[in-house]
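J.: Take a look at the following structure, please.
Quick note: the coordinates plus some simple rules give every number you see, no bench work behind them. This is a predicted model, so every value here is computed, not measured. Cβ coordinates were reconstructed from backbone atoms using ideal geometry, including for glycine residues, and neighbour counts include every protein chain displayed.
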Amino acid sequence: MTSAPQPQPGIMEIELYQGGASKVAGVEDVLKLSSNENPHGASPAAMEAARDAAGAMHLYPSTDHAGLRAAIAEIHDLDPERIICGAGSDEIIHMLCQAFVGPGDEVLHTEHGFLMYPISARAAGATPIAAPETDRTVDVEALLAAVTDATRLVFIANPANPTGTLLGGQAVTRLADGLPEGCLLVLDGAYAEFAEEDGLGLAQRRDNVFVTRTFSKMYGLGGMRVGWGFGARAVIDVLNRIRGPFNLSNVALAAAEAAMRDRAFVDACRADNAAQRGRLVAGLRDLGLGCDESHANFVLARFADRDAAEACDAALKASGVIVRHPVGYGLGDCLRITVGDAAGVDRVLDGIAAWVAR
């Protein structure tokens, strides 16, 4: 019997990514707060556009995503020729690694950084390197100290996932300034719509800065899988050479373009998230839990130890509330809680209060 082909070096070192749970055995009234989804769903305009586009699903989509890129460029005042679209920002991250790193190269990220960074680095044959954070916040000096002659990509999420902390614009600029020639700083802006910093201005001015964004969070299109990236034309040209020509469907393109143009929906969601996030943070602190200021649509609650976090997680699940226990991010003593609507925030706080009382 012939043997199966062997994977490339580094592939078997990849830990399988685990998404947020969505079900609890024996519980029907489940509140999912584990994946940072928009509690208000998608824009009605986006849903209508998707329904209209479904009638043409037998046709191949455009290969250049011109309509969506034009909408993104119009809203953010960007050059559409410097925009690339992908199946979620995950695909953009993966393409960056595929295009710019290989065996012998290093990809730098922070110790609690998004798990797709080391996954995509190893898939390309490169070595992921984790730099320490300070109080769950990106530490610029620690990152720069970890840069070597082999460093090709540096990934930071801003705001960060799963901590929700934010690195200010001056600190991001200092990081970009400190990187050597030939090293690209990638600002993962999956949660930028909820924050004061988006990195796009820096990427407009500097060829060594690239920004990724997603439609999965603020825009409520997680199931559509649409993301985009913005950077120097030379970088976009390289990525387009490896991008699949039909990587986004007609339906996804139509929904994303309509979602991008529906600014009233975005503004309403942002305002409600800020209000409910404030309630959630205050409520957690009143219950004696540690909680950093979050600049995203989730909050990281800190417990006395891992046992306490696991016990609270179990109690919440028993009541039908699903949050994220971010053990894989090195935060076993924490729970990451998506900011829901007003009723959702009430329910999670009531559940934790009941656990604390016990």
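J.: Suppose we flag chymotrypsin sites (Phe, Trp or Tyr not before Pro) only when DSSP calls them loop and at most 16 other Cβ atoms lie within 10 Å. Which is the longest uninterrupted stretch of the chain? All intermediate terms of the calculation are to be shown ahead of the outcome.
T.: Working: sites that count: TYR17, PHE246.
The longest such stretch corresponds to 18-245.
J.: Mind listing the long-range amide H neighbours of GLY290? Cut-off is under 5 Å, sequence gap 5 or more, other chains count too, H placed in the peptide plane at 1.01 Å from N.
T.: The list, which skips near neighbours in sequence, is ARG302.
J.: So what J values fall out for the stretch 35-47 if you push phi through Karplus, 6.51 cos²θ - 1.76 cosθ + 1.60 with θ = phi - 60°, rounded to Hz, Gly and Pro as x?
T.: 10, 6, 7, 6, x, 9, x, 9, 4, x, 5, 5, 5
J.: Follow-up. By counting other Cβ atoms within 10 Å of each Cβ, how are HIS40, HIS65 ranked from fewest to most?
T.: Details: HIS40 14, HIS65 25.
Neighbour counts put them in this order, fewest first: HIS40, HIS65.
J.: May I pose another question? Report, by chain and number, residues whose modeled amide H sits under 5 Å from the one on THR127, excluding near sequence neighbours (fewer than 5 apart, same chain).
T.: Distant-sequence amide H within range of THR127: GLY104, ASP105, GLU106, VAL107.
J.: What fraction of the Cα pairs in the stretch 123-175, stated in percent, has a spacing above 16 angstrom?
T.: Values: 597 of 1378 pairs.
Here the tail beyond 16 Å accounts for 43 percent of pairs.
J.: Sorted from fewest to most neighbouring beta carbons within 10 Å, what does the list THR127, THR338 look like? Intermediate results must be reported in sequence, preceding the final value.
T.: Working: THR127 18, THR338 27.
By the 10 Å Cβ count, ascending: THR127, THR338.
J.: Compute a Gaussian network model of the chain, connecting alpha carbons closer than 10 Å, and tell me which residue from SER249, SER216, SER89 fluctuates the most.
T.: SER249
J.: Another question, if that's okay. Per residue of the stretch 280-294, what does 6.51 cos²θ - 1.76 cosθ + 1.60 with θ = phi - 60° give for ³J(HN,Hα)? Whole Hz please, x for Gly and Pro, Karplus curve as stated.
T.: 5, 4, 4, x, 5, 5, 4, 8, x, 9, x, 7, 6, 5, 9
J.: Name the residue from ALA99, VAL147, LEU175 whose Cα lies farthest towards the positive end of the charge dipole of the stretch 44-261, charges +1 on Cβ of Lys and Arg and -1 on Cβ of Asp and Glu.
T.: Ranked along the dipole, the leading option is ALA99.
J.: Still on this model: Using helices alone, what [θ] at 222 nm do you get for the chain, with -39,500 (n - 2.57) per DSSP H run of 4 or more residues, divided over all residues and rounded to the nearest 500?
T.: Numbers: 12 runs with 141 residues, N = 358.
Value at 222 nm, helices only: -12000 deg cm²/dmol.
J.: To continue, here is another question. If one computes P(r) from the Cα atoms of the stretch 210-294, what percent of pairs lie at distances over 22 Å? Numbers along the way, then the final one.
T.: Details: 1731 of 3570 pairs.
I get 48 percent for the Cα pairs in the stretch 210-294 exceeding 22 Å.
J.: Which one of PHE265, ASN240, LEU253 is farthest out on the positive end of the charge dipole of the stretch 214-269, using unit charges on Cβ (Lys, Arg +1; Asp, Glu -1) and the Cα centre as origin?
T.: So the residue furthest toward the plus end is ASN240.
J.: A further question follows. Could you give me the ³J(HN,Hα) list for the stretch 63-74, computed from phi with Karplus coefficients 6.51, -1.76, 1.60 and θ = phi - 60°, whole Hz, x at Gly and Pro?
T.: For the stretch 63-74, the Karplus-derived couplings read 8, 9, 6, 4, x, 5, 4, 5, 5, 4, 5, 5 Hz, x marking Gly and Pro.
J.: Could I ask something else about it? When the convex hull of the C-alpha atoms of the stretch 44-261 is computed, what volume per residue in Å³ does it have?
T.: Working: hull volume 23.7 nm³, N = 218.
It comes to 109 Å³ per residue, whole-number rounded.
J.: Another question, then. Report the longest stretch of the chain that contains none of the GluC sites (Glu not before Pro) sitting in a DSSP loop with at most 14 other Cβ atoms within 10 Å.
T.: On the way: sites that count: GLU15, GLU28, GLU181, GLU196, GLU293.
Between the exposed loop sites, the longest stretch runs 29-180.
J.: Treat every Asp and Glu Cβ in the chain as -1 and every Lys and Arg Cβ as +1, leave all other atoms uncharged, and give the resulting dipole magnitude about the Cα centre to the nearest 20 debye.
T.: Working: 30 positive and 46 negative charges, 116 e Å.
It works out to roughly 560 debye.
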